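None of the figures in this text is laboratory data; all of them are computed from the coordinates on show. Source: prediction; values computed, not measured. Don't worry about glycine lacking a Cβ; one is built from the backbone with ideal geometry, like all the others, and counts go over all protein chains shown.
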């Protein structure tokens, strides 16, 4: 039983993606315009804005592998589009979360193609000198969107199985 995306769901994917890309690019532009690489504000505290450039993936993995990471990002975007096109149980939540993942991936791709690196700036310092690797809004959207998308797919498959059992 194949079900097509309706206009509202397509609008959710496109709107979430576009809004995230715009917000992500504006925030990164502001950071590049107002902070020198390595600058951090405030100088202490749990949450800081620290301008960092990243030529790799999350957590600095695969540094200087921009081509491979760009191809992987494009493949992920295409994969998500294919998944949502072939879902039989589409929810607004799965469409919104897919939009977050797509928007985050495209936001980072824009940096990678335009600048050769990704601008990161959200710096969470947990205790002492230990801190979470610096990230940006696109990274957050990818992680949150992936988690919600996975959970919504899992819940949708459970509902679909229950529907089949009682039909």
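Extending 7 Å from the Cα toward the beta-carbon at both residue 155 and residue 130 defines two label points whose distance is 3.2 nm. Cβ crowding within 10 Å, taken as a proxy for footprinting-reagent exposure, orders 131, 51, 86 from fewest neighbours to most as 86, 131, 51.
Run the numbers on the chain and let me know its relative contact order in percent, using alpha-carbon pairs under 8 Å that are six or more apart.
Once normalised by length, the contact order is 31 percent.
What is the extension gain from residue 75 to residue 18, computed as 0.36 nm multiplied by their sequence separation minus the C-alpha to C-alpha distance, in nm to one decimal? Show your work: numbers first, answer last.
On the way: separation 57, 0.36 × 57 = 20.52 nm, distance 1.87 nm.
Going from the current span to full extension adds 18.7 nm.
Using only Cα atoms, find the angle between the long axis of helix 66-86 and the longest principal axis of the chain, and express it within 0 to 90 degrees, rounded to the nearest 10. Compared with the principal axis, the helix lies near 20 degrees. Multiplying the residue separation of residue 6 and residue 33 by 0.36 nm and subtracting their alpha-carbon distance yields 5.7 nm.
Helices in the chain, meaning DSSP H runs of at least 4 residues, each add -39500 (n - 2.57). Divided by all residues, the mean residue ellipticity at 222 nm is -21500 deg cm²/dmol. Applying Stokes-Einstein at 10 °C and 1.306 mPa s to the Kirkwood radius of the chain, computed over alpha-carbon pairs, gives a translational diffusion coefficient of 92 µm² s⁻¹.
Want the number for residue 140 to residue 113: 0.36 nm per residue separation, take away the alpha-carbon distance, what's left? If you can, show how the numbers build up before the last one.
Numbers: separation 27, 0.36 × 27 = 9.72 nm, distance 1.99 nm.
Stretched out fully, the residue 140 to residue 113 stretch lengthens by 7.7 nm.
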